[in-house]
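A.B. asks: Before we start, here is the structure in question, set down as C-alpha cells.
The values are calculated or read from the model by the stated rules, or taken from the named source; none is laboratory data. Since the model is a prediction, treat every value here as computed from it, not as a measurement. Using ideal geometry, Cβ is built from the backbone for each residue, glycine included, and neighbour counts are taken over all protein chains shown. Ligands, DNA and RNA are stripped out before the accessible areas are found, and what is left, the full protein with its side chains, is counted by its heavy atoms. Shrake-Rupley method; radii C 1.70, N 1.55, O 1.52, S 1.80 Å.
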Amino acid sequence: MKSLVALSSLLVSVVAVESTITSSIDILLEYVKIPAVETYYVCQQFQIPDDRPLHVTKFEPIINSSAIHHMLLFGCSFDMDEGPHPCGGIDNRCRSWLVKWDMGMVGDIEMPSNAGVRIGKGAFKYILLQIHWNNPDKRADLTDQSGMRLHVTSSLRPYDIGNVQIGQNEIHIPGLRQSNPVSGGCSGRCTGLMLPRPIHLTDIYLHMHSLGYRAALDIQREREVWERVALEDNYDYRRPMWHHLNDTAIVNPGDSVRLTCWYNSVDGNRERANMTTFGQGSTAEMCYAFVRYYPQVLGFDQCLQNGTLNINCMFKNKPE
C-alpha cells in the first residue's frame, strides 16, 4: 500500500506484478454542502503521480448524491492550487477532457483494449473534476463527495486515447414545435487544419436535455459520401448511453463531422410555450457529441460551432 500527497484527498492503492504497476486513483470531491440553487457547477483540482507514464483503462463513477447531473474530468499540466470552488474562468484553461459521466449512466466506462488515457510522467500531472448539480427544489440540506476511480496501468497500450466535443452552441427552439432540427460540427476545413493524420472513432455519446428526442452523428467524405456513425431515434436524457463502434469509424483530414439534434416542445412532458435556448441548466438545451478516438491529437479536444462560426478554427462556414 502506498499513499501520495495531493492538492486534496487522493487515495491510491498499488499492486506490483513484476515490472508492471496497476493501481486505482480516487478523484473525490471534498465533502461540500450543495448550494440551494437550481443549477450549480463546482470544480476541484487534484495532483496525480508523475514518476512514470500511466494509461487509464477504466473510469469507475463514485456517486454520492442524487443531485448530480453530470461529471467531467479534465487533464491539466499546471497547478491552480484550489479546493472546491464555483467553476470559473481559470478552470476554462483546463480543457482537455478525459471522461464524461451523466445521470442515468450504468456501470464503468471502459477504454478500448488497444488504447488508454495517458496521464502521469510526460502527460497530465493534474486532473480537474467538474460536477454539475441539478437542484430544482433548491434544497439546502444536500451534500456531496462524489468523483471517479481511475483504474491505471504502467503497461502502456499501443495508442493514447483522445476525446473531442463536437456540436452547436447556438440553439433557438420555438415553443409548441413538434420537430425542430439543430446542426453543428467540425467542418472539413477544421479537420484539415487540426488533424495531422487520420483518427479512429471508438465511442460516441450524444447529449441533449429534456426536449431532445433524436440525434445523429455523420461523417462526410470528399464532399459527397455520408457515413452515419451514431443514431438515437428515441433519445431520453434520463437514460444516456455510449455508442461503442465495433469497427472504428475513420475521420481523415478534410472530412466533415456533423451532429444533428431534433427537439420537440409540444408533446407530453416536453410541452413548452416559450423559446428554449442554449444553456448549462437542465431547462436550457444542448447539442453535443462527446467522441472517444485514437491516436490522440494534442489540441483536438473541441470542434464546435456558434451558429456558422467555427469556434476552434475561427472562420465562418461556407458551403462545402
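A.B. asks: Residue check: is S113 closer than 17 Å to Q296 by Cα and part of a loop (DSSP other than H, G, I, E, B)?
C.D. replies: Against the criterion (closer than 17 Å to Q296 by Cα and part of a loop (DSSP other than H, G, I, E, B)), S113 qualifies.
A.B. asks: Could you give me the residue pairs with C-beta distances under 6 Å whose first residue belongs to segment 95-112 and is under 14 Å from K58 (Cβ atoms), whose second residue is of a type in the set (G, A, S) and not in a loop (DSSP other than H, G, I, E, B) wherever it lies, and which are 6+ apart or on separate chains?
C.D. replies: Taking only residues 6 or more apart or on different chains, the pairs are L98/G75.
A.B. asks: Any chance you could count how many residues in segment 253-271 are in a loop (DSSP other than H, G, I, E, B) and open to solvent by 60 Å² or more (accessible area, probe 1.4 Å)?
C.D. replies: Here the count works out to 2.
A.B. asks: Which members of segment 56-89 meet the condition of being more than 16 Å from L28 (Cα to Cα) and aromatic (F, W, Y)?
C.D. replies: Hit for segment 56-89 is F78, nothing else.
A.B. asks: Next question, about the same structure. Would you mind telling me which numbered condition in (1) in a loop (DSSP other than H, G, I, E, B); (2) farther than 19 Å from Q302 by Cβ S24 fails?
C.D. replies: Just one mismatch for S24, condition (1).
A.B. asks: In segment 209-240, which residue that is touching a Lys or Arg at 6+ places or on another chain (Cβ under 9 Å) and not in a strand (DSSP E or B) is most open to solvent (accessible area, probe 1.4 Å)?
C.D. replies: N234
A.B. asks: For segment 46-57, name all the residues that are in a strand (DSSP E or B) and buried (at least 18 other Cβ atoms within 10 Å of the Cβ).
C.D. replies: If the condition is that a residue be in a strand (DSSP E or B) and buried (at least 18 other Cβ atoms within 10 Å of the Cβ), then F46, L54, H55, V56, T57 are the ones that fit.
A.B. asks: Oh, and also: Is it the case that P112 is out of contact with any Cys (no Cβ under 7 Å at 6 or more places or on another chain), within 30 Å of D236 (Cβ to Cβ) and either of a type in the set (K, R) or open to solvent by 70 Å² or more (accessible area, probe 1.4 Å) (or both)?
C.D. replies: no
Here is a yes/no grid of residues against (1) at pLDDT 90 or above; (2) not aliphatic (A, V, I, L, M):
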position	(1), (2)
T22	no, yes
I34	yes, no
E38	yes, yes
L54	yes, no
H69	yes, yes
A115	yes, no
G120	yes, yes
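A.B. asks: Something else: Can you find a residue in segment 77-92 that is crowded, with 17+ Cβ neighbours inside 10 Å and part of a strand (DSSP E or B)?
C.D. replies: Looking through segment 77-92, none of the residues is crowded, with 17+ Cβ neighbours inside 10 Å and part of a strand (DSSP E or B).
A.B. asks: Among the residues of segment 135-186, which ones are open to solvent by less than 50 Å² (accessible area, probe 1.4 Å), small (G, A, S) and over 30 Å from K33 (Cβ atoms)?
C.D. replies: Once the filter is applied, which keeps residues that are open to solvent by less than 50 Å² (accessible area, probe 1.4 Å), small (G, A, S) and over 30 Å from K33 (Cβ atoms), segment 135-186 yields S154, G162, G167, G175, S183, G184, G185.
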